[in-house]
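Colleague: Supplied in structure tokens, the structure appears directly below.
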């Protein structure tokens, strides 16, 4: 029987059962998958006692089944679908997993899993709401999980943040819960879950399950993306095209500089976006610079 899971800042962890450390198939799954990543805070599930009810057993079983499946997922789409399926039992309908933007950085290049309504994500990213959204701003100063309603009032109730909150509610993002997590690619990642319900009450056990799944999901997604990036490469011409785009040149200007047609330029830029799994040229530029595939 699971007593607790302890993640610490040093990334060491202890899994304790009534029969000792490790032991069961589910515990061994956690030990294997924990290499994918860690949650930079302690995660504790209180001792459940000698007898577990059906719901508690189901919660633990479903959580560790998710961990095991993550070891088999070969695409981020599968991770997104699986994670959404699991958090819906807690009342969450949408999620986004991304790095935390700071200093006015755009959100889109940092997104690893996008389970937001498409129209809302387009509005949020195109208008750079991340720079003034109280929830997003709070993500940059805390490493602890929090409900959206826990965001300090000075951030949450600013005119801009209050307006964004009202707009989000129109898309079914009324309340939410955020889990910051350790990342190998971002200075910090966060999983933000959104619910259409205004009041959201979860037990400590349910929150612990969500926190654990978040940490595993981050590690799994980053491992998948790392493998994919090693297999995909930009051609010399695609790098040249993207480098000029990074310097602010239009498709017409790039075509003139490289003595190629405008449709060819657009084809190269499209290929770059597909390679990095982003939807904008700006996102492709950011990824290429981050991975040192191009330089300015």
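A short reminder: the numbers here are calculations on the coordinates, not readings from a lab. All figures in this text were calculated on a predicted structure; none of them were measured in a lab. Methodologically, a virtual Cβ is constructed for each residue, glycine included, from the backbone with ideal geometry; neighbour enumeration extends over all protein chains shown.
Colleague: Averaging sequence separations of C-alpha pairs under 8 Å and six or more residues apart, then dividing by the length of region 193-296, give the relative contact order as a whole percent.
Modeller: Across region 193-296, relative contact order equals 24 percent.
Colleague: When a footprinting reagent is the concern and you count Cβ atoms within 10 Å, what order do 285, 190 take, fewest first?
Modeller: 285, 190
Colleague: Peptides 261-267, 235-241: what's the order by average Cβ count within 10 Å, highest mean first?
Modeller: 235-241, 261-267
Colleague: While we're here: On alpha carbon coordinates alone, what is the Rg over Rh value for region 190-264, Rh being the Kirkwood radius?
Modeller: Across region 190-264, the Cα-based Rg/Rh ratio is 1.31.
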